[in-house]
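Quick notes on the structure that follows.
Readers should treat all values here as calculations from the given coordinates under stated rules, not as data from a laboratory. If you're wondering where the values come from, they're calculated on a predicted model, not measured in any experiment. Heads up, the Cβs are rebuilt from the backbone with ideal geometry, glycines too, and the neighbour counts pull from every protein chain shown.
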Amino acid sequence: MNAVEIEEAISELAERPFEAEEFPFAFLEAFGNKETTLKRLRKGESNKSDLGGVLQTNNIHIATCKAGEVTRTLAALKASPATARAKARFVLATDGDLFEAEDLTTDDGPISCAYADFPNHFGLFLPLAGITTVRQVRESSFDIRATSRLNRLYVELLKDNPEWGTAQRRHDMNHFMARLIFCFFAEDTEIFNGDGAFTFAIETMSARDSSNTHEVISELFRAMNTKVAERADAGIPRWAYVFPYVNGGLFSGGADVPRFSRIARSYLLHIGGLDWRKINPDIFGSMIQAVADDDERGALGMHYTSVPNILKVLNPLFLDDLRQQLEQAHDNARMLLNLRKRMSKIRVFDPACGSGNFLVIAYKEIRAIEAEINRRRDEADRGTEIPLTNFRGIELRDFPAEIARLALIIAEYQCDVLYRGQKEALRDFLPLDAQNWITCGNALRLDWLSICPPTGTGVKHHADDLFHTPLNQAQIDFENEGGETYICGNPPYKGSQGQTDEQKSDLKAFFEGRTRNWKSLDYVSGWFMKAADFGTRTVTNTAFVSTNSICQGRQVETLWPLVFSTGHEIYFAHSSFKWANLASYNAGVTVVIVGLSKEPGRTRTIFSDTDGSGTIAKSAENINAYLAPGSNVTIGQLSRPMSKICDMSFGSMPNDGGGLLLDLGEANAATKRFGVDSSYIRPAIGTQEFINGVERRCVWVREAEYEFARKNIWLRSRFDAVEAKRQASPRATTSKLGEVPYRFGEVRQTGEEKVLIVAKTSSELREYLPVGLFVVISRAVVTFAL
Ligand SMILES: C[S@@+](CC[C@H](N)C(=O)[O-])C[C@H]1O[C@@H](n2cnc3c(N)ncnc32)[C@H](O)[C@@H]1O
């Protein structure tokens, strides 16, 4: 089960009438425990509780109790020897009115809430479902809940309005969702007059049978797009006057709204009931984008770039430097002022920004430093000088692009509330700025200099509907022009085999003429190269998260000399680490961070994670393309050995559709039941066989033996299968191999020889590279690469 499914199950449990006996099992079921596991617990076979509750080894000790006994019961659960013996991580007690629980592996103490509210804390229990995550996930419980609810609404609306799911209308659907999210946030944060005003207006003005829900919402949107003085002329109903003029492109364009079923209306009202003040715009954005993506929806709420990972990029890129300056300034008013001025000109540019998480974190961190400056200068309630429009992005997909802008708007408001107070924040918030600083388009085809120009003198562009702006839109001015630009992000990684035709042609268009080997490059290379080109035109430093493959093997000699030729050097790097998020299948992604600069004399630092999840930093004179300290060597490929040793070959490739390879059972049957001459069957060794000690056999017949071998019915059927398989191939060379179905497609083995086998893939958990020596005696061993 994924986090969103768990959240749904937990919410559903909380809505049901409380049944003391059943609750522990229902709770465990909501976290993905199978019926058989629950059966064993019910029977008592695996239930280790000494307090009449339910104790699941290594997981949780749950007890329900009489009214008013919750705190005492939780204490008993904690103190219970059975809890310790079973190494239970959590204890949980409830009487159906109050809910208390504690994670015994942390010092956070117990949580205590009304029973109906326990789903708010479901993030605490995610390890019960095997989802072990960074600590922030607990604070992201709201984001997962909101994502889950919005997803339900999205799917329900598409059911009733299938045309809104078509390519032509998907954008309208996404735009509609972005508007809703804004309204839910605004009604809980005093941006709208009255707590819950938006949901309340829909609840009271729309019919219970949902027949006019879309019309009511449409009128509300129209009101938000019309200045108060113009509302009467525009025919806006009086009940919508209470809503402010929002502008900012969010409500411009059509006010068309999909039709609501009763269920969709009830979902909407429920979503309005959530406390949207708790939204984390960076995390929520990453999660919510999956709603609009049919391929990603299965992993809803799972994609989540943790704040610590984002800070691994932003801290060394520029935040550490700002903090160091703050430290050095102490209370010196002039130095503090200079730092504030510097920060007000900084531009942060993420050319694959998704829903803007890097930009949001960068913005929030800069605001925190600015607030500290203002505090030290006794100007605590001073308005911010950090312009949101200096945080720019490019994103290919339109929903994340919309969410990115919304996330930044929300982040700005939250920072204003935090540092200046609610009143001041409200005063400056509406109407929203009509400038668009997130461009929806293909970053490898767009001119970065026009989206993030080196000076602030671009053409001013105020779009009517910011989310329909053309790709080559003219740039907007940077405020407080003339500052540093920092390029950052987590651009898409796609190995040469995994790229779509469109992505291949993006790389071709960009790299052709620079290198003949562009086909072997990962898609992410385009971002490094474009950033390096950009850096030749303006002062900028760059840091991207990337697959580590661009700093290994054959990509190194293609990409890095090109990047270095622009005058850039690697000034910091983070060596390979696991990119963790809630998606368990994603746990295997290993990434690096590479920081580029052209500034002379910069210190060079290599960061690496230690086992205890700390990070160590080592200085280096130079960091080469392998992210190792040392000179800029690159290791190229050679097809022949440089010294007098034997060639390294790929092994013999069967290309047989399974016709020539046999497991032991098949090989036995061939010789014993079908009378195949045992000299035609040989052991076969590939990576799997070598590493895992598996035995395999293959059919191995020479040309001169073929005619005779074909007389055997079993061999003939094998040859025919191989022939048919090869001939069906669209590749002429493979099809031709159909003429020699008795042998492997590629034979790299002659007679007697010694063979060193180097496994093609091996686990990184091994401390050594497995290499084996085989003596190949004629008719004994065949190697092939699989
Ligand atoms: C790995 S995600 C990173 C997004 C975000 N920073 C995060 O951590 O969730 C890469 C983003 O690049 C976007 N993308 C893919 N190809 C692109 C292209 N050619 N131009 C611009 N954006 C692209 C994807 O849609 C995706 O949102």
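Taking only Cα atoms, what is the 0 to 90° angle, nearest 10, from helix 141-160's long axis to the longest principal axis of the chain? Value to nearest ten degrees: 80. Beta-bridge orientation, the stretch 1-148: approximately 70 percent antiparallel, per DSSP, counting only bridges with both partners inside. Scalar couplings 3J(HN,Hα) for the stretch 535-552, obtained by applying the Karplus form with A = 6.51, B = -1.76, C = 1.60 to θ = phi - 60°, are x, 7, 9, 7, 6, 8, 10, 10, 8, 10, 7, 8, 4, 6, 5, 6, 10, 9 Hz; x denotes Gly and Pro. Projecting label points 7 angstrom from Cα along Cα→Cβ for residue 442 and residue 713 puts them 5.8 nm apart. In whole angstrom, the chain maps to an equivalent ellipsoid with semi-axes of 52, 38, 29, each derived as √(5λ) from the alpha carbon gyration tensor and ordered largest first.
Under the criterion of Cα pairs below 8 Å and six or more residues apart, the relative contact order for the chain equals 8 percent. Taken one residue at a time, the phi angles of the stretch 485-490 give Karplus couplings (6.51, -1.76, 1.60, θ = phi - 60°) of 10, 10, 9, 8, x, 9 Hz. Gly and Pro are set to x.
Stretching residue 589 away from residue 332 to a fully extended chain increases their span by 88.0 nm, per 0.36 nm per residue minus the current alpha-carbon distance.
The charge dipole of the stretch 308-436, taken about its Cα centre with unit charges on the Cβ of Lys, Arg, Asp and Glu (plus for the first two, minus for the last two), comes to roughly 260 debye. Pairs 494/578; 34/66; 43/87; 312/504: which exceed 23 Å Cα-Cα? Distance filter (> 23 Å) returns 34/66; 312/504. Against the chain, whose longest principal axis is taken from its Cα atoms, helix 501-511 shows a tilt of about 90°.
Add +1 for every Lys or Arg and -1 for every Asp or Glu among the other residues with Cβ under 11 Å from the Cβ of residue 189, and state the total.
Counting the neighbours of residue 189, the net charge comes to -4.
The antiparallel fraction among DSSP beta bridges confined to the chain stands at about 65%.
The stretch between residue 688 and residue 85 holds 213.0 nm of extra length on full extension. This uses 0.36 nm per residue minus the Cα-Cα distance.
Near residue 776, the amide H atoms lying under 5 Å from its own belong to 753, 754, 755; only residues 5 or more places off or on other chains count, and H is placed 1.01 Å from N. Here's how it looks for residue 487: its modeled amide H is under 5 Å from those of 349, 541, 542, 543, which are all 5 or more places away or on a different chain.
Residue 716 sits among other residues whose Cβ lies under 14 Å from its own Cβ, and their net charge, with Lys and Arg +1 and Asp and Glu -1, is -2. In plain terms, the chain from residue 381 to residue 727 could stretch by 116.8 nm, reckoned as 0.36 nm per residue minus the Cα-Cα distance. Could you tell me how many degrees, from 0 to 90 and to the nearest 10, lie between the Cα long axis of helix 213-224 and the main elongation axis, the longest principal axis, of the Cα atoms of the chain? The helix 213-224 is inclined about 70 degrees to the chain.
For residue 590, neighbours were defined as the other residues whose beta-carbon sits under 10 Å from its Cβ, and their charges (Lys and Arg +1, Asp and Glu -1) total 0. The alpha carbon gyration tensor of the stretch 35-130 gives principal lengths a ≥ b ≥ c with a/c below 1.5, which makes the shape rounded. Annotation for residue 115 and residue 78: the two label points, set 7 Å from Cα along the Cα-Cβ direction, are 2.3 nm apart.
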